[in-house]
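Worksheet: one structure, shown below.
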Number of protein chains: 4
Amino acid sequence: MRAFVLRKVGEVGVVEKPVPEPGPNDVVVRTTAALVCTTDVHVMRGVIPVAPDVTLGHEAVGVVHALGSAVEGLVEGQRVAAAGITPCFQCDSCQRGFSSQCHGLMLGGAKFTNQRDGTLAQYFLVNNAEANLAPIPEGLSDHQALYATDMLSTGFVAAEHAELELGETVAIFAQGAVGLSATIGCRLLGAGLIVAVESIPARQELARRFGADLIVDHTRCDPVERILELTDGQGVDAAIEALGSPETWEAAFRVTKPGGRISNVGYHGEVREPLKIPLEPFGYGMADKQVYGGFNRGGRGWLRRIFRLMETGKVDPTPMTTHEFSFGEIERAFQMMASKEGGIIKPLIHFDGSGGDSGDDGA
Amino acid sequence: MRAFVLRKVGEVGVVEKPVPEPGPNDVVVRTTAALVCTTDVHVMRGVIPVAPDVTLGHEAVGVVHALGSAVEGLVEGQRVAAAGITPCFQCDSCQRGFSSQCHGLMLGGAKFTNQRDGTLAQYFLVNNAEANLAPIPEGLSDHQALYATDMLSTGFVAAEHAELELGETVAIFAQGAVGLSATIGCRLLGAGLIVAVESIPARQELARRFGADLIVDHTRCDPVERILELTDGQGVDAAIEALGSPETWEAAFRVTKPGGRISNVGYHGEVREPLKIPLEPFGYGMADKQVYGGFNRGGRGWLRRIFRLMETGKVDPTPMTTHEFSFGEIERAFQMMASKEGGIIKPLIHFDGSGGDSGDDGA
Amino acid sequence: MRAFVLRKVGEVGVVEKPVPEPGPNDVVVRTTAALVCTTDVHVMRGVIPVAPDVTLGHEAVGVVHALGSAVEGLVEGQRVAAAGITPCFQCDSCQRGFSSQCHGLMLGGAKFTNQRDGTLAQYFLVNNAEANLAPIPEGLSDHQALYATDMLSTGFVAAEHAELELGETVAIFAQGAVGLSATIGCRLLGAGLIVAVESIPARQELARRFGADLIVDHTRCDPVERILELTDGQGVDAAIEALGSPETWEAAFRVTKPGGRISNVGYHGEVREPLKIPLEPFGYGMADKQVYGGFNRGGRGWLRRIFRLMETGKVDPTPMTTHEFSFGEIERAFQMMASKEGGIIKPLIHFDGSGGDSGDDGA
Amino acid sequence: MRAFVLRKVGEVGVVEKPVPEPGPNDVVVRTTAALVCTTDVHVMRGVIPVAPDVTLGHEAVGVVHALGSAVEGLVEGQRVAAAGITPCFQCDSCQRGFSSQCHGLMLGGAKFTNQRDGTLAQYFLVNNAEANLAPIPEGLSDHQALYATDMLSTGFVAAEHAELELGETVAIFAQGAVGLSATIGCRLLGAGLIVAVESIPARQELARRFGADLIVDHTRCDPVERILELTDGQGVDAAIEALGSPETWEAAFRVTKPGGRISNVGYHGEVREPLKIPLEPFGYGMADKQVYGGFNRGGRGWLRRIFRLMETGKVDPTPMTTHEFSFGEIERAFQMMASKEGGIIKPLIHFDGSGGDSGDDGA
C-alpha cells in the first residue's frame, strides 16, 4: 500500500509499505478519507520527534478491512472512525480518567505517528478496536465524521475545561480549526457571550457562523484591553488558548476575572522556553484562577456523542474544509498546510480514486 | 396599593394594602409586569399552606421605588428583576450552596407568598436586595426579563441536574412552561438528542422550536417503550420530570440507562403519598442512577447570566406567553391559569396602565 | 478442580469442574484466599437468578496460573487480586464512567456468578486481566488484600456518593461489613461527624474503632428522632443506606437536611415492591436532595489506591473477619453467613491446605 | 483601644484608636486571642500595599461587643470567630462561588488590613456578620478556634484543590503552618501517600504527626528526583505548593504525573517576575495537568465545619503554636515572626490581661 511518511526531519513523501496485520484486539481499516493536521507539520519540522519513515496523519475514516481474533461487535466492510487518540482504556492512567495520557506517558494516547504508523495511508491499524472504533451512522458523511476524530474532539475538550456555567463569558484566542471547534463547543455548553480573537476575515466569518458573539481583531487593537472593555472592566469567566504562543497564553490570564478558568489547547513545543504566568493577573498565585492544559480525547463513546450532535443537526463543521485533494495529491496538500497559503484551514483528502490515482491496491 | 391575595383556600381577590417599607437591606420595587405561575394555583388550592390574605405571585419585574438604608449600588427608578427565590445568601444553608433552601428550611428561599407578600401587587419588597435584585439590561424588555425570574431559571436548574455530557441523550416529561424551559436548558447544555414527551400540539410546536429533536405523544403510545425504541433499547442518559405526577416520575426511571440521571423539577405535593421508585429500573438500588429534586434558584449573578443568554440572542422565551392582561384583569388571568383553558401557557400581566385600570397609586 | 456452586435455588455444594482456560485477554488465577459475601446468600435464595451449577463467590485473591496470549505486564506466580466487579473497560458504558454497569447492562460489571463462574473455586478466570488484575504489594497480606475486592471498595463507593465536604455530618444505617467500610470511607473523606446506626454491640465496637463518632441503637430509640436531636434539629448533610430495607431507606430521607445526599448501597431485591420516598422530607421533589444508588467498582487503578491506604497504615479492615475456615469447610462457612449465627461478620476462607483438604489439584 | 499598626513600610507599632462602631450588618468583637501570620510580615515589607496606620492581623477570636442594627442570631458576650477572609456573600463574585475574590477584586475577600483595620487590636469590626461570624462551640478553646480562621482554612483549601481521589498520592512543598495544615487536609481527604518536603526537624516531626507518610529533605537530595523515585518513576497524582518560591512552584510540575493537579497556596508576590511553567513536564500544554491558585476562605458555614473536625477530635492544630505572648508583647512576637528565629511557627497572642498589660480599656 502507499503511505505518506516523514523520511527525515523536513522531508516527507509517499512510500510503499505492507498492509498492517491486526493483533488480537486490533482492527485494520481501509482509509476512505482523511484530514491533514497542523500537528503533522510540527512533526515534519522535528518539533515532535518520531521514528524514521513513520506514516503521518491521525484524522481518518474508512471501512473495516481485517479484524483481530478477539474483536467482537464489528464486521468487515463497516464504515468506522477512530479518534486521533487511541488509548488502551486498560492501564492505570486510562482508569484514572486520563486516557489521553495512556500508560502514564505524556500524550501517551497519541499512538498514530508517535508510537506507530499514522493514518495517511491506504490502510491503518487501530489498537483496542472495540474501545476505539466507532461505527459511522448512516446519516453522516465521511466528511462530517472526519471532524470528530480530532478537530471537534479537541475543541470540545478545550471548551469543557473552560468549565462554563450557563450564561458565562468566554474569550477564545485564535480561530484556526481547533479554535473554531472550541467556539462550537462553547456555544454548545451554554456560554452567554463568546468573544473570538482572530484577524483573518474568512476565519472571523466562520467564527460568527459557529457561535462567536463578538470578534476582536488583535491586529487592530490590544485584545486584552478590548476584552476588558467589552466586559465592563471585569474580564471574562474563562479564556481558551487555541494557538500555542506565549502572547496568547499570557493574554488568557490578563483577560480572566478572579475565579476565571484558563483552558489551554495550544501546543507550546515550538517555543523552547517555559510558559510564563504574569503575576498580577494570577493574584500572585491566589486569584482562584484555574489552568488546564489538555488535548484530543479518544474512545467510541465520545465519538458517538460527537456524531449525535451532527446527526441531529446541531453541529456542521464541514465549512472548515477549504480545499479538497486526492491521496495522490497529498504532498501538495501538506505543503499548503505547512505554508498556510491560499487561506487554507483544513484540506480534505479523498482515498476513493475519485481524485485520481489513489485506488485500492492493498488486497 | 392594590394586591392580589389569597383570601382563604379556594378564594382569591384584589385588596388594598399599604406600600411596603424597606428594612436596611431591602428594596421596594414598583411592579411594571408579572407572570402568573401554576404554583400560585397550588397555593389557592391549599396544597401549599400560607398566611391569610398574603399576596400571591413571585414572577415580576419593575423599577426601584425605595431603597433600604444599607443598600448600595442600586438607584431609584432603575429597572430591576428579582428571582422568585430570594435567599439571604448569609446563612449556613446558603453558604453550603443550597440557597433555595435558605435557613435550612425546605424551600426556604421562597420568601414571596410563603414567608411574606408576593409580587402580584403594585409594589413588592425584596430582601437582601444587593444579592437578589439584578438590573435589567437596556436591550431586554420587561417581557423577556420576566422569564428569568422563574421559568427559565427553574428549567435551567432542571437541565443542570441532568448532568449532561456533550452529545448525551435526554427525555423531558411534559412541555409546560417549566418543561419547555428545561428543553431550552438541555439544548444550551449540549444535549445530543432531546426527546420531549407532550400531547398538546401547540406545546409540541414550541418544544421543537426550543430545541426538542423528537416528540413523543404519550396519548398515542407508551412513552417508555417509545423512548427505549428511539434509543436502540438502551434508554436515555438522563430524564427530566417537569410535571409532578407519579406516572412521569416512574417513567423517568424506566427510560434511563444504568448510570442515568433523573432530574425532578415537578412539584409532587398534589398527590398525598410517597413517590415510588420502580425496583428493577433502579437496579434494586445499584444501577448507578442518580436522582435530584430541585427547583428555582435566586441571586443577581444567576439572573445576569440568564439575561446575557437573551441579550446575545441565544434564548427567546417570550413565545411561551399565550395571553396578555392588565393588572385590573388579574382575576381572569388567574382563573384561566387554574383551568388551563384556551391553551394558556403563561399569561403576561401589565401594570403600567396600558391594559386599563392598573395605574400607580402608591406614592 | 473443586468449586462451590449453586446446585439449585436453596441448595449449594462442592463439585468438580475443569480448570478454566484463558482467552487472549484473560488470566486464570489459582485461589489462595477468599471471603464469603451476603450477596452469595441472596443468590442461593434465588433473589438474583443465575445459571445452574455456577460457581459462587466474587471476593478472592491468588497467584497468576495461566496468562492469555495478549496479556502483558503480568507474570505467572505473581500474587494478584481482582475486584468483585470485572468490567471490560472497553464498551460505551465503561467509557461513560459507569463500568459497574458494563455493556449497558444493569450491574453488568458483575461477571462472577452472574455471567460466569465465580471465585469460590480452586481456580478462577478474570476477563480483561490487564485492566482488572492488580498485583498485591509485598507488604500486604492476602487477608488485607481480600477486603479491597468488595467490602472496602463498596463501602468507599457509598462514602464517595455521600459527596461530603470537609467537616460535614453523615449518618450510616447498619454496620455490617459494607456499612463498616462506609464508616471507614467517610472517615477517610473528611466527615466531621459520623453517626452509625447499629444495635449489635460487636459491630458498634468496630464502628467506633473505624471512625464513628456516635452510635445510635435503633432498638432503643427512634433513630430518626435521635439523629435530628444530635444535629440540633437540622439533620445530617448526608445519609448512607447500607442495609437494603424499606425502613432504613426511608429514614435516610428523614434524617437529611435540605440539600442533603442519600447514598444507597443496600440491595433492595429481597423486598418485591417499589422503594418509597417520603414526600415531605423530599420537599415534594424540591428539597435539593440527591439520591445515588451504587455498588462495588472494579479496576486495577482503584484496587491499587485501596491497597495504598492499607500499605501506609491508614486502613486495616481485618478486624471485620470474625471466623476462619479452610476451603474444605466452605459449606459450614456459607451456612453461618446465611444464618448470621455466632456474631459472624466476614468468614475468611484459606485455600492453601493449611485448613485441611483444599490442596492444589489443578495442574 | 490599642491597635498594632503599620506606621510605614518597614515600621510597625502600637497606637491608640477609637473602638470601631458597627454599621447595620456589622459586629464589633472584643479580641481575646490572636495569631500572627507571615502575611502580616509581607505587609510590613511593603510587598502588599496598604493604607497608612492600618491595623495588622486577620487571625483572631473574641466575644461579641456591639451588634449592628440589622444583625440577627448573635448576642453580646457570645464567643465568636471570623475567618481572615470576610466576604460580603452578596456580590456577583461571591455568588459565582468565588467569595475570596469578593466584588470581583483580586483577593477582595481579604478586608482586614487590606481594606480596613485588621484584628491585632483590642476590638475589631466584622462586616456581614451573620455570614462571617461563627459561634465558637463550648468544647473548643480560643486557641483551637484561632486555627480555623486562616491556617487550617487555607491549608484545607489547598488540599481541596489537589482534587484527590481516595488513595492517591500527593507531595506537599514546605511544612510551615500552611503546609502543615495542607498535610492535615490531605490526610482528611483520603490521600493514600503524603510526601512532605521540609528540612527543619521540628517541622518534619509535626508533619509526621499530622499525617505525612514520608519526608523529603530538599537540603539532602534533589526533591524532584527523590519523589519520582518514591513513586516508581511515575510521579504523584497531585502537588501542593505551600511556600511561594519559583523553585517549589516549578518542582510541583516536575513531580506530578500526566493528569496531575498542582494546587498553589504560596504567595508569589515577593519575587517580581512571572511564574514559569517548565514546558516538558507540562506536556507542552497538553498533559492534562491542572493548576489552581487559591488561598483562605471565609464564612460561618465553613468555620463551623472546621470547628466540628476539632470538636470530634479528628484535628488538633495547636501543636503548631511554638510561642505565646501577651498583646503587650506583640512587637516582639512580630519581630520573631519576621526573622523566623527560635524555631517559631505560630505565636499565640493573649488579650485577656493574663500576659500583662493588655486589659480591656475599650468600654
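Here, each number is a calculation from the coordinates, and none is a lab measurement. What you see is a predicted model, and the numbers here were worked out from it, not measured in a lab. Ideal geometry is used to build each Cβ from the backbone, glycine not excepted, and the neighbour counts take in all protein chains shown.
Data table
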| quantity | calculated |
| --- | --- |
| Estimated vicinal HN-Hα couplings, Hz - segment C:111-120 in sequence order (Karplus 6.51, -1.76, 1.60; Gly, Pro = x) | 6, 4, 6, 6, 10, 6, 4, x, 9, 7 |
| Whole-number percent relative contact order across segment B:161-293, with pairs defined as alpha carbons under 8 Å at least 6 apart | 23 percent |
| At 7 Å out from Cα toward Cβ: D:Glu225 inter-copy label distances (nm, ascending) | 5.0, 6.8, 7.2 |
| Amide proton proximity set for A:Phe295, modelled H, under 5 Å, gap of 5+ | D:Asp288 |
| For the protein assembly as shown: rounded, prolate or oblate by the Cα gyration tensor [a/c cutoff 1.5] | rounded |
| Filtered GluC sites (Glu not before Pro), segment C:256-362: DSSP coil and at most 15 other beta carbons within 10 Å | C:Glu270 |
| For segment D:8-78 versus segment C:37-104, the gap between their alpha-carbon centres in whole angstrom | 60 Å |
| Segment D:1-145 shape via C-alpha gyration tensor axes, a/c threshold 1.5 | oblate |
| Under 5 Å, built H, 5+ apart or other chain: amide partners of C:Ala191 | C:Gly167 |
| Cα centroid of segment A:119-178 to Cα centroid of segment C:280-302, whole Å | 31 Å |
| Table column - 3J(HN,Hα) (Hz), segment D:282-298, Karplus curve with 6.51, -1.76, 1.60, x for Gly and Pro | 9, x, 6, x, 9, 8, 6, 8, 10, 10, 9, x, x, 7, 4, 10, x |
| Per the axis that maps chain A onto chain D, nearest residue of A (Cβ criterion) and its distance in Å | A:Val291, 2 |
| Proximal lysines relative to D:Lys257, as straight alpha-carbon distance under 24 Å, when same-chain residues fewer than 8 apart are discounted | A:Lys111, A:Lys276, A:Lys289, C:Lys314, D:Lys276, D:Lys289 |
| Spatially proximal lysines relative to B:Lys346 (Cα-Cα < 18 Å; intrachain offsets below 8 disregarded) | none |
| Chain D: relative contact order in percent, alpha carbon pairs under 8 Å with at least 6 residues between | 18 percent |
| Angle between chain D longest axis and helix D:151-161 axis [Cα atoms, degrees, rounded to 10] | 40 degrees |
| Placed amide H near C:Ile262: partners under 5 Å, 5+ positions off or other chain | C:Ala239, C:Gln290, C:Val291, C:Tyr292 |
| Sequence-distant aspartates and glutamates (8 or more away, or on other chains) whose Cα lies within less than 14 Å of A:Lys17 | A:Asp53, A:Asp117, A:Asp360, A:Asp361 |
| Cα gyration tensor, chain C - rounded (a/c under 1.5), prolate or oblate | prolate |
| For C:Asp53, inter-copy label distances in nm, listed shortest first [label point 7 Å out on the Cα-Cβ vector] | 5.6, 8.4, 9.6 |
| Which of D:Val197, A:Val27 has the fewest Cβ neighbours within 10 Å, and the rest in rising order | A:Val27, D:Val197 |
| Beta bridges by DSSP in the protein assembly as shown, antiparallel share as percent, to the nearest 5 | 55 percent |
| Shielding by partners, peptide C:127-139 (average Cβ within 10 angstrom, other chains) | 1 |
| Residue order, fewest to most beta carbons within 10 Å, for A:Ile184, A:Ile136 | A:Ile136, A:Ile184 |
| In order through segment B:313-318: 3J(HN,Hα) via Karplus (6.51 cos²θ - 1.76 cosθ + 1.60), integer Hz, x for Gly, Pro | x, 7, 9, 9, x, 4 |
| Fewest-first ranking of A:Lys17, B:Lys8, D:Lys314, B:Lys346, using other Cβ atoms within 10 Å as the exposure measure | B:Lys8, A:Lys17, D:Lys314, B:Lys346 |
| Helical contribution to [θ] at 222 nm, DSSP H n ≥ 4, -39,500 (n - 2.57), averaged over the protein assembly as shown, rounded to 500 | -7500 deg cm²/dmol |
| Using a 7 Å Cα-to-Cβ projection, D:Gln78 label spacings across copies, nm, ascending | 3.1, 6.0, 6.5 |
| Charge dipole magnitude, Cβ of K and R +1, D and E -1 - segment A:155-293, Cα centre, debye nearest 20 | 260 debye |
